[in-house]
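Below is one structure, written out as C-alpha cells; comments come after it.
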Amino acid sequence: MRAMNVQHHFGGLALCAAMTIWIVAVTAQQPPPPAQPPSNQSAGGPGNASPAAAAAPAAPARRAAIPAAASSIAAKPETYYGQYVTVYATVEKLLSPTAFTLDQDKSKSTGQEVIVLAPRLHEPLEANTYVTVIGEVVKSDAAEIAKVAKASAAGLPAAILAQHSGRAVIFATSVVRADFNDLARFIPPPMSPEEVVLDKAMKAVGGANGALRKGVDASNAELVKTNTAILAKAFQETEAFWAKRGVAEAVKVAQVARAAVDGIDKAAAAGNWNDAKTHNTTLGQQCASCHGSFRERLEDGSFAVKKK
Ligand code: HEC
C-alpha cells in the first residue's frame, strides 16, 4: 500500500512537471503577434503601413493589408469583401491541396471558420498549426473567386464551395507558417541557358532602345551609333534563340527589328533624321508585335518567354 502511495505521488509530480514543461513550451511557441505579419510586406519595419514603399518597382502594386481576426471575418463577412487582410489563426481543416479553413481558436472549433484559397502551397499544411494569411476577402461564390483568382479557382471545387456557402473566402497571396516559410509565394520557373541569354539580350535592348530614341530625337549621331550597336547584337541573339526553337514568325520579327536598326544607323550617319525616325517607328512596332505574341508577364511582374 505504502509503496503504491509513493509511486502515485511520484507519478503526480511527474505529471505536474510534464504539464509545466508543456505549458512553457506552448507559450514559447507562440509566433509573433499579428500586428507584424512575418511577410516581405513588412520590410519597411513595424508601423510602416505603406505597401508602395516596400514593393519592388516591377512587382504589381499591392494594397495595405489590415489585421483582422478570423472570427470577425466569419461573423461579418460582408464588411470585409474586397479588403486585403492579415489573419493570424489556426489551420482547422484541409479542403483541397490548396484550400483550407482557418479557425481563431486552436483548442476548439468555434464554428466560425473562414476558407483560405491559395494559388499554391509548396508544402502541405498541418491541421492545428498557426499560420499568418494575407489576402483579399471574397464571397464564397465561384464567379467571384474566378474574378480574383483565375488560375486557382480550380483549387476550390464547386462541391466544396457549396458545402461552405455563405462563408468568406480569403484569396491568399501569402500563407506564412510559424517558421516564416511562405508556402504560397511565387517562385519563377527556372530559365534554360538559352532563355538566360535572351533575358540578358532583352534587358540590354530595353536600355539601348530608350537611349536610341533620345539620340534620334536630338539628332545625336554618336548616341545613335552606340546604341544601334547594342541593339544589332541583341537582335542577332534574339533571332538565334527563336531559330533554335523553330518559331519562324518570331525569327522574322527579330530580323525586321534588326533591319530597322541598320536603317537607323545608316540614316543617322547620312544626317537623314526623318528617315531615322521612320525606321525607329518600325523598330517600335517589332517590340510590340513580338511581345504581344511571345512574351508573358509572370505573377511577380517579371517577364518570360510565353508558354505554348
Ligand atoms: C522577336 C521577339 C522580340 C522582339 C523583336 C523584342 N522582344 Fe523584348 N522580349 C521578348 C521576350 C520573349 C521577352 C521575355 C523574355 C525575358 O525577359 O526573359 C522580352 C522581354 C523584354 C524586356 C524585359 C526584360 C526583363 O526581363 O526585364 C524588355 C525591357 C524588352 N523585352 C524590351 C524590348 C524592346 C524595347 C524591343 C524593341 C526595341 C524588344 N524588346 C523587342 C521578345 C522580343
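Has region 277-287 got at least one residue that is closer than 24 Å to Pro189 by Cα and surrounded by 14 or more Cβ atoms within 10 Å (Cβ to Cβ)? Among the residues of region 277-287, at least one is closer than 24 Å to Pro189 by Cα and surrounded by 14 or more Cβ atoms within 10 Å (Cβ to Cβ), which makes the answer yes. In the condition set (1) within 16 Å of the ligand (Cβ to nearest atom); (2) in the same structural domain as Cys287 (by TED's automatic domain parsing), Ile187 is compliant with all but (2). Val224 meets all of the listed conditions (1) within 11 Å of the ligand (Cβ to nearest atom); (2) crowded, with 17+ Cβ neighbours inside 10 Å; (3) over 23 Å from the mean Cα position of the chain (by Cα) but one, namely (1). Applying the condition of being of a type in the set (Val, Ile, Thr) and touching a residue at least 40 places away in the same chain (Cβ under 8 Å) to region 262-308 and asking which residue is nearest to Ser192 (Cα to Cα) yields Val305. If the condition is being outside any helix (DSSP H, G or I) and either of a type in the set (A, V, I, L, M, F, W, C) or not assigned by TED's automatic domain parsing to the domain that holds Ala267 (or both), then region 218-237 contributes only Ala218.
To keep it simple, each residue is scored yes or no on (1) touching a Ser or Thr at 6+ places or on another chain (Cβ under 8 Å); (2) within 11 Å of the ligand (Cβ to nearest atom).
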| residue | (1), (2) |
| --- | --- |
| Lys203 | no, yes |
| Lys214 | no, no |
| Leu231 | no, yes |
| Arg245 | no, yes |
| Ala257 | yes, yes |
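Just one of (1) more than 34 Å from the chain's Cα centre (by Cα); (2) acidic (Asp, Glu); (3) buried (at least 16 other Cβ atoms within 10 Å of the Cβ) fails for Glu239. It is (1).
The values are calculated or read from the model by the stated rules, or taken from the named source; none is laboratory data. These figures come from a predicted structure and were not determined experimentally. Cβ: placed from backbone, ideal geometry, glycine included. Neighbour counts: every protein chain shown.
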